[in-house]
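Inspection log for the structure reproduced underneath, given as structure tokens.
Values quoted throughout were computed directly from the atomic coordinates according to the rules given, and no laboratory measurement underlies them. Keep in mind that this is a model prediction, so the values were computed, not measured. Cβ coordinates were reconstructed from backbone atoms using ideal geometry, including for glycine residues, and neighbour counts include every protein chain displayed.
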Amino acid sequence: MLNTAQDIEASLRSVNDDIASALGDIAPEVFDFKKFPFSAIGKAARARFTLLASGALGAGRVRAEKAAAAAELTHTASLLHDDCLDTARYRRGLPTLYDQLGANSAILVGDLLIAIAFDRAGCAAPELQAELVYTVRRMTEGALIEENSRGKKISASEAERMISLKTGALFRWCALAACHVAGRPGLAETCARIGSETGSAFQVIDDVLDFEGDSGACGKETLKDIKEGKLTLPLILALNDGEAGPAAEEMLAAMKSGPDAGTGAALARLVIEGGFAGAARAAAVKRLNALSPLVDTLPNAEGAAALKDFLLALGGRKA
Ligand code: FPP
Ligand code: MG
């Protein structure tokens, strides 16, 4: 069972071991993990969420762990690709694979991890493989919309659609996976909603941390979104503000003609000191809190309480 905090931690260790052994099985002439280390499991938010949702639904431990491994591997694969798109040098406290080996190898190792993720999804429940295919499609659509929007002004609702695809879709899969593993098809709609909302709120907080987070604690560069021409909710709120909007607009335009660290830092200050990062975080917290009544309807009360604690903690995360 996945009832207690100890159960969840023990299962997370199993997920970690499963992923480490899958990577250890890759022949060194294909990819030498020892020579080019990267962190295949980071904060493990998706794995933890899958296990907690499984606990709340009364799912069995072994298949829930397979689903958690599939979720984490899919996420890591997407980050290997994302780091190429963003030319990111630093991830989970280590140089990115893009930095170490370039885009070709980073993309291909990402593809390898996706293949392993599909295997683990099938071990959790056969129908979860097709659901994961759909999920990867949605994530890729979100990433493509983001790519097409680089340097462009997008609205809050356009940003919302993008994050629900690029991040909401995988959290949705995690909750649906728990539902399938628990054999509770009648709760699929509830689980999909919990997953999707959690993912979107998680991404908003990630976007807030890009402005206000500490690079060391986050294990990645910060202030990257404005440098990359990506408009996220904190900046969109600033741009839409009658008072701060014109100054934010001016700084954004100045950055287009050549990003400079000084303007980037000034824009970030405006977003933080104007209260826009705080407002974006408050919106995410509100969404997470609004899930409580839905989580309360899940069959295992002890597991549901642990899932609620996790959701509430997400709202305050600093890294
Ligand atoms: C990180 O977001 C990236 C994602 C949540 C998804 C990216 C999806 C793809 C690249 C599509 C391909 C998907 C697969 C599964 C191969 P972010 O850039 O906001 O976060 P960051 O600040 O940590 O980079
Ligand atoms: Mg990125």
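Data overview
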item	result
Gain in span if fully extended, Lys43 to Arg150, counting 0.36 nm per residue against the direct Cα distance	35.8 nm
Degrees separating the helix 45-57 axis from the principal Cα axis of the chain, which is the longest one	40 degrees
Ellipsoid equivalent to the range 62-173 - semi-axes via the Cα gyration tensor, in Å	24, 20, 10
Linear extension gain, Lys224 paired with Glu273, 0.36 nm per residue minus alpha-carbon span	15.8 nm
Magnitude of the charge dipole, the chain, Cβ model with Lys/Arg +1 and Asp/Glu -1, debye to 20	320 debye
Rounded FRET efficiency, nearest 0.05, which uses the C-beta distance separating Asp214 from Asn289 and R0 of 25 Å	0.45
Calculated P(r) of the range 113-237 - Cα pairs past 25 Å, %	32 percent
Virtual spin-label span in nm between Tyr90 and Arg137, 7 Å along Cα→Cβ	3.9 nm
Relative contact order for the chain, counting Cα pairs under 8 Å that sit 6 or more residues apart, in percent	21 percent
Surface/4 of the Cα convex hull for the range 1-95, nm²	6.6 nm²
Helix-derived mean residue ellipticity, 222 nm - over the chain, DSSP H n ≥ 4, -39500 (n - 2.57), to 500	-22500 deg cm²/dmol
Per-peptide average of other Cβ atoms within 10 Å, ordering 38-46, 54-62 highest first	54-62, 38-46
Violating pairs (Cα-Cα greater than 32 angstrom) within the set Lys35/Lys256; Lys153/Lys308; Lys66/Lys220	Lys35/Lys256; Lys153/Lys308
Cα-based shape type of the chain, given that a ≥ b ≥ c are square roots of the gyration tensor eigenvalues and the cut on a/c is 1.5	oblate
Separation between Cα centres of the range 226-256 and the range 105-127, rounded to whole Å	38 Å
Cβ-derived FRET efficiency at R0 45 Å, Leu108 paired with Glu9, nearest 0.05	0.85
Additional length obtainable on full extension of the chain from Leu312 to Asn240, 0.36 nm per residue less Cα span	23.1 nm
Burial order of peptide ranges 64-72, 266-274 (average beta-carbon count within 10 Å, highest first)	64-72, 266-274
Radius of gyration and maximum dimension Dmax of the range 228-319, Cα, Å	18.0, 56
